[in-house]
Every structure is written in C-alpha cells, then in structure tokens.
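Data first, discussion second: the structure below is written as structure tokens.
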Amino acid sequence: MSRLHLFDMDGTLMRGSSASMEMARELGLIEEFRMLEAELAEGLTDPPGYAARAYEMWGRLNAEQVMAAFESAPWLEGIREVWQDIRDRGEYCAVISLSPSFFVTRLREWGAHEVRASVFPDVPFAGARLDPRGILLPESKVLAADELCATFGVGRERCVAYGDSLSDAPLFQALRTSVAVNADHHVRELATFAYNGTDLREAYELVR
C-alpha cells in the first residue's frame, strides 16, 4: 500500500523563517512583518486578516523578488532527495501551506506531487483583488489532506504529516503518524516523532 507524505513549509521545510519574512527581506519590510507575525501568533489577527495586510505591503512585489526570496530562503537540506525517494517508492508527497500560492507552487519543481496554499493573484498584482475565501486556515489543512487522499487513493491511516507549529495541530490530531520538525510545543506534544536539525532526510528516516 502506498503512503502520502504531507509537508508544511514555513518553519518546517524552511527553518526558522517563512515565505512572508523572506519576501519582506527583499522589500525592506522585515520589522513590519515581524509585528504582523507577532499579532498572528498572539491571536490579534487571523489568517485572512494577516493575508489582507500582507497583500497591501506586497503591492510593489515583482517576480524577480519572489524568485530571489525563494532561492535565498533557509531551506532544510535534502528536500529534493527525500521527495525523489518517496516517488521511487511509489508513494506521494504534497505541501500544504497557509503561505501564498505564488510562492509555494514553486516547490512542484523540486518534486512535490501536489501543492495546496492560500490563493493569491499572480505577481505582479496589477490591481487584482485578494479574495479572502481563498486564504487557508489551520483546519483547512485537514480538508486539503482529505482531498489529496481521495486524489491518490490513500486513507488517512497511510498519511504522514510533517509540521512545526500551531497551524499544523489540526492535521496532527487528525492523522495517525506525524513528525514534529524543529517544532514548538503545540505540535511536539501531538507528534509521533520529533526531529531537530537541518536535514529533511534525517526527519524522513524516522518514518521511512
């Protein structure tokens, strides 16, 4: 029987950072996004509210800056190798992230079978409006996982979730097997396995 590996991105595949912070670095808006992320962590705003304010601050973002942010991000080592091994074993891998689709979908080029992310207009935005209905919530990860299970013909009992923070908690609670990667207490206490380090291959070996 096959398995489906579900990876969070911010803080998991990308250690100690997020797509938002890496793009903020390109725009010189690090402090503004630190404040915004602190508000999200403290419950002073929700994911749609965060997305709306981030979208405003990303108004002058261009494709070259997105690419630069992606390429310079602190990715874990071994991501491509892990996903290639998953493919070679006849299994599936997907990324489910609350970050914007125009950033997350680039991970398909690294070997992810599927990607689910908050739906944003493509860069440059050129006056396009952000639809709040496309912004994922933590509980959306469970819905996305069930959709991917149906796509690949895999039951929840054959899924493995990899995550690091509160936004991954609903998925960790829904699945039998999970790996906390450089995680905080919100998911470490829920996880089947825990890993601290810089190489995804080492985390993957816990369930391989």
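The values are calculated or read from the model by the stated rules, or taken from the named source; none is laboratory data. These numbers come from a predicted model, not from an experiment. Heavy atoms of the whole protein, side chains included, go into the accessibility calculation; ligands, DNA and RNA do not. Shrake-Rupley method; radii C 1.70, N 1.55, O 1.52, S 1.80 Å.
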- Message: Output wanted: per-residue J couplings in Hz (rounded whole) for the stretch 4-12, from phi through Karplus 6.51 cos²θ - 1.76 cosθ + 1.60, θ = phi - 60°, x for Gly and Pro.
- Response: 10, 9, 10, 10, 6, 9, 4, x, 10
- Message: Which of the three applies to the stretch 158-208, rounded, prolate or oblate, going by the alpha-carbon gyration tensor with a ≥ b ≥ c and a/c under 1.5 meaning rounded?
- Response: oblate
- Query: From the square roots a ≥ b ≥ c of the eigenvalues of the alpha-carbon gyration tensor of the stretch 96-148, which class results: rounded (a/c under 1.5), prolate (a/b over b/c), or oblate?
  - Reply: oblate
- Query: What is the set of long-range amide H partners of Ala117 at a cut-off below 5 Å, with H atoms built 1.01 Å from backbone N?
  - Reply: Ser97
- Dividing the helical contributions, -39500 (n - 2.57) per DSSP H run of n ≥ 4, by the residues of the chain yields a 222 nm value, nearest 500 deg cm²/dmol, of -11500 deg cm²/dmol
- ³J(HN,Hα), Karplus 6.51/-1.76/1.60, whole Hz, each residue of the stretch 15-30, x for Gly, Pro: 7, x, 7, 8, 4, 4, 5, 5, 6, 4, 4, 5, 9, x, 10, 4
- Message: Show me, for the stretch 126-133, the HN-Hα J-couplings you get by feeding each phi into the Karplus relation (A = 6.51, B = -1.76, C = 1.60, θ = phi - 60°), rounded to Hz, glycine and proline as x.
- Response: 6, x, 5, 8, 8, 8, x, 5
- Heavy-atom accessible area of Val179, protein chains in place, probe 1.4 angstrom, given in Å² to nearest 10, is 0
- Note on the structure: For log10 I(q)/I(0) by the Debye sum over Cα atoms at q = 0.14, 0.15, 0.18 Å⁻¹, with candidates [x] -0.80, -0.92, -1.33; [y] -0.83, -0.91, -1.15; [z] -0.84, -0.98, -1.49, the value calculated from the shown model is option [x]
- Message: Apply the a/c threshold of 1.5 to the C-alpha gyration tensor of the stretch 108-208 and tell me whether it is rounded, prolate or oblate.
- Response: prolate
- Query: What is the helix-to-structure angle for 47-57, meaning the angle in degrees between its Cα long axis and the longest Cα principal axis of the chain, kept from 0 to 90 and rounded to the nearest 10?
  - Reply: 40
- Any chance you could run the full-extension gain for Asp146 through Arg201? It's 0.36 nm times the residue separation minus the Cα-Cα distance, nm to one decimal. 17.3 nm
- Query: Which far-off residues, 5 or more places away or on another chain, put their amide H under 5 Å from the one on His5, with H placed in the peptide plane?
  - Reply: Tyr92, Cys93, Ala94, Val160
- Query: Expressed as a rounded percentage, what relative contact order does the stretch 1-158 have, with Cα pairs under 8 Å and six or more residues apart?
  - Reply: 29
- Note on the structure: Amide H contacts under 5 Å for Asp199, restricted to residues at least 5 apart in sequence or on another chain and with H modeled in the peptide plane, are Glu77
